[in-house]
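See structure below.
The values are calculated or read from the model by the stated rules, or taken from the named source; none is laboratory data. Predicted, not measured: the structure shown is a model, and the values here were computed from it. So basically every Cβ, Gly included, is an ideal-geometry build from the backbone, and we count neighbours across all protein chains shown. Calculation scope for accessible area: heavy atoms of the full protein, side chains included, ligands and nucleic acids excluded. Shrake-Rupley method; radii C 1.70, N 1.55, O 1.52, S 1.80 Å.
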Amino acid sequence: MSKIVILGAGISGHVAAAHLRRKLSKEHEVLVVSPNSNYQWIPSNIWVGIGRMKSEQILFPLAPLYKKKGIGFKQAKVVTFHPEGDQELDKPYVVVEHVTGRKNREKVTYDYLINATGPKLNFEATEGLKPGTNKAYSVCTYSHANHAWEALEKLIQEMKQGKKAKILIGTGHAKSTCQGAAFEYILNVEQELRRHNVRDKAEITWIANEHELGDFGMDGMLLSYGGMTMKSKEMVEMVFEDRDIKWIIGAGVNKIEDGIAHYETLDGDYKTETYDFSMLIPAFSGHGFTAYDKVGKDITQKLFKGFMIVDADYSPKPYEEWSVQDWPETYQNPSYSNIFAPGIAFAPPHAISKPRKSKNGTPISPSPPRTGMPSGITAKLVADNIIDTIKNEGKTSLHHKGSMGNMGAACIASAGYGMTKGSGISITTFPIVPDYNKYPNTQGRKLGKTFGEIGLAGHWLKLALHYAFLYKAKMKPFWWLIPE
Ligand SMILES: Cc1cc2nc3c(=O)[nH]c(=O)nc-3n(C[C@H](O)[C@H](O)[C@H](O)COP(=O)(O)OP(=O)(O)OC[C@H]3O[C@@H](n4cnc5c(N)ncnc54)[C@H](O)[C@@H]3O)c2cc1C
C-alpha cells in the first residue's frame, strides 16, 4: 500500500489528486493538504473582478467532493519538509499546520509527495501594494477580485455623477509575471465602462515591466493572424489603440501610495502615475519553506531554490546560451526521487524573456509566465509516473514527460461578458519556451500553431472553458475525457 500526499488544491494539486484516485485501487491512500476550503477556477476571477460573475460561480467546497471520491483532505498548510524522517520517525514526512480550530501542527508521512503549492503572491515585495489599500486591488484570488469589483463599482457610480477617473492596470513589481491576466482585466474593465456609459469619463492606462507590448514574459512572439504574420507587439498595440488605452512599458513599479504608483523605467528615470483605481499583479515567489534531514540539519537548498528544485538545468548561463533543454520534463526532485513539483511550484531554470536592467542596474523584465494548461498537464504526468512506479513495485518509472519547450499555451483574453456582447483576443503559442534551433526563422515558435485571433469565438471559448473545467474539477461523469 502506498500513500501519496499532495500539497495544494489548485489546478495542479487537484488534477493530480483526481487522476491518482481514479487510477489507483482503494488500498492506496491519496491525501490532499491545502489551506483553502474551496477549489477556485482562477481564470474566471477576471469576471468576478468586473462584477459579471459571483465568486460562488467559480468555486466549490473541496471536503464533500473529496469525501465522496475517497480522497483524504486536511485543511492545513505545509510548514516544513523532512524527506528522510527524523531520529524517531523512520518515514519521510511534512509538518502541516491546520488553519481552522486550534491551529495545531502534525507530522504527515508519505511514500510519494507532490508539492503543488503554486506561488506565494508576494505583495510585500512592493511597498504599499496590499490589495484593498491605496486604491490598489488584485484579481489573483476570488476574494481579491470581489474587493476589486466593489471598488470599481463605487468608482463607476461616481463617474455617473460626472467624476473623471484614472484607471491603471498591469504589473505591480519590476519582476512580476501574469501579464496575460492583467491584459484580460484591462480589456474587461474598458468594456464594462462602455456598458455603463462612462467610458468617456475614464483615462485607462496599462503599466508593465515588459520592454515592448505583447512580450507576456515569453519574449513576445511572431503570430499568424488572418493571412498575415504579425508580431504580438503589433497586435496588442492595435487592440490598445482601438480601445484608447494608453501604455507605459519597461516600468518597474516599486512603491504604491494612496492613488500614486512610483516606478523606475528602463531608461533609469524615476516617475509616478496617479490613479483612482488600479489592479496591479504582484511578484510571485516561492513560499519560503525549509527542509531538514534525519538529524535535523537544514537541507533547504536540496529542495528549494525559491520554488522547488526539479530536473531542470539550473547552471547559471547568459541569455544567449539558454536552451529549451534547460526546462524540466518530469518535475522530480533530483535529491529525493519520491518528491515532485508540477504547476507553478517548480523552480524555472531561467526567465523566458531577455533579462533587462535599468540604467541604474535595477532588473526590470517579466518572470516566466506559469499558466493553467501546463499546470494541469505537468500534474497529470507526475500522477501517471507515480502510478506506474507503484504498479512497478516501487521501481521508479518516468515514462511520462512534458517540457514547456514542447507544450503550447493559450492566452484567451475575453473582453466583456454574455453570449453576443463579448469579444475575445486569443493568442496561442507553441512552444511556450521558444526553440530557436527547431524554428530559427520564426523566433523559436511554430507558425500556424502560434496564432492570434480577435472576435466573438475567443470569448465563447473562454466561457466554454469555464464550464468545462469546473465540470472536470467537480469530477462529474467522464470528467477525465476533458483534456488538461
Ligand atoms: C487572475 C488570473 C487569471 C488567470 N487566467 C488564466 C487563463 O486564462 N489561462 C491560463 O492558462 N492560466 C491563467 N492563469 C494562471 C493559472 O491560474 C495558474 O497557472 C494556475 O492556477 C497554477 O496552478 P497551480 O496549481 O500550480 O497553483 P495555484 O492554482 O496557485 O494553487 C496552489 C495551491 O496551493 C495551496 N497552498 C498555498 N500554500 C500552501 C501551503 N503552505 N500548504 C499547502 N497548500 C498551499 C493554495 O491554497 C492552492 O490551493 C491566471 C491567473 C490569474 C491570477
- region 106-127, residues that are among the small types (Gly, Ala, Ser) and surrounded by fewer than 18 Cβ atoms within 10 Å (Cβ to Cβ): none
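Right, Glu184: surrounded by 21 or more Cβ atoms within 10 Å (Cβ to Cβ) and either over 16 Å from Pro366 (Cβ atoms) or charged (D, E, K, R) (or both) or not? Please lay out each step first, then the result.
On the way: surrounded by 21 or more Cβ atoms within 10 Å (Cβ to Cβ): yes; either over 16 Å from Pro366 (Cβ atoms) or charged (D, E, K, R) (or both): yes.
So Glu184 fits the description; yes.
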- Query: Which of the residues spanning region 86-102 are within 28 Å of the chain's Cα centre (by Cα), open to solvent by 30 Å² or more (accessible area, probe 1.4 Å) and not acidic (Asp, Glu)?
  - Reply: His98, Val99, Thr100
- Task: Filter region 423-446 for residues that are modelled with pLDDT of 90 or more and aliphatic (A, V, I, L, M) and give the result.
- Result: Ile432, Val433
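With respect to Pro483, determine if the residue is under 25 Å from Ser12 (Cβ atoms), open to solvent by 80 Å² or more (accessible area, probe 1.4 Å), out of contact with any strand residue (DSSP E or B) (no Cβ under 7 Å at 6 or more places or on another chain) and outside any helix (DSSP H, G or I). Outline the logic, then answer.
Details: under 25 Å from Ser12 (Cβ atoms): yes; open to solvent by 80 Å² or more (accessible area, probe 1.4 Å): yes; out of contact with any strand residue (DSSP E or B) (no Cβ under 7 Å at 6 or more places or on another chain): yes; outside any helix (DSSP H, G or I): yes.
Yes: the conditions hold for Pro483.
So, restricting to strands (runs of 3 or more DSSP E) that lie completely within region 7-115, which ones have at least 2 residues that are in contact with a helix residue (DSSP H, G or I) (Cβ under 8 Å, 6 or more places away or on another chain) and near the ligand (Cβ under 9 Å from one of its atoms)? Before the answer, list the steps.
Working: elements: 29-33, 38-40, 59-61, 72-74, 76-82, 93-98, 105-109, 112-115.
Filter on region 7-115 gives 38-40.
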- Note on the structure: Checked region 250-279 for anything over 17 Å from Pro131 (Cα atoms) and touching an Asp or Glu at 6+ places or on another chain (Cβ under 9 Å); matches are Gly250, Ala251, Gly252, Tyr263, Tyr270, Lys271, Thr272
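Have a look at Glu329, Glu393 and point out the one that is on the phi < 0 side of the Ramachandran plot, away from the ligand (no atom under 16 Å from the Cβ) and acidic (Asp, Glu).
Values: Glu393 fails: on the phi < 0 side of the Ramachandran plot.
None of the others qualify; the one that does is Glu329.
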- Item | Count of residues meeting criterion [open to solvent by less than 30 Å² (accessible area, probe 1.4 Å), part of a loop (DSSP other than H, G, I, E, B) and either under 14 Å from Val253 (Cα atoms) or among the hydrophobic types (A, V, I, L, M, F, W, C) (or both)] in region 129-147 | 3
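Please go through region 334-365 and give me each residue that is within 16 Å of the ligand (Cβ to nearest atom) and assigned to a loop (DSSP other than H, G, I, E, B), ordered by number. Walk me through it before giving the result.
Filtering region 334-365 for residues within 16 Å of the ligand (Cβ to nearest atom) gives 339-348, 352.
Across region 334-365, the qualifying residues are Ala341, Pro342, Ala347, Pro348, Ile352.
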- Task: Would you check if there is a residue in region 214-225 being among the charged types (D, E, K, R), without any contact (Cβ under 8 Å) to a residue 60 or more places away in the chain and part of a loop (DSSP other than H, G, I, E, B)?
- Result: no
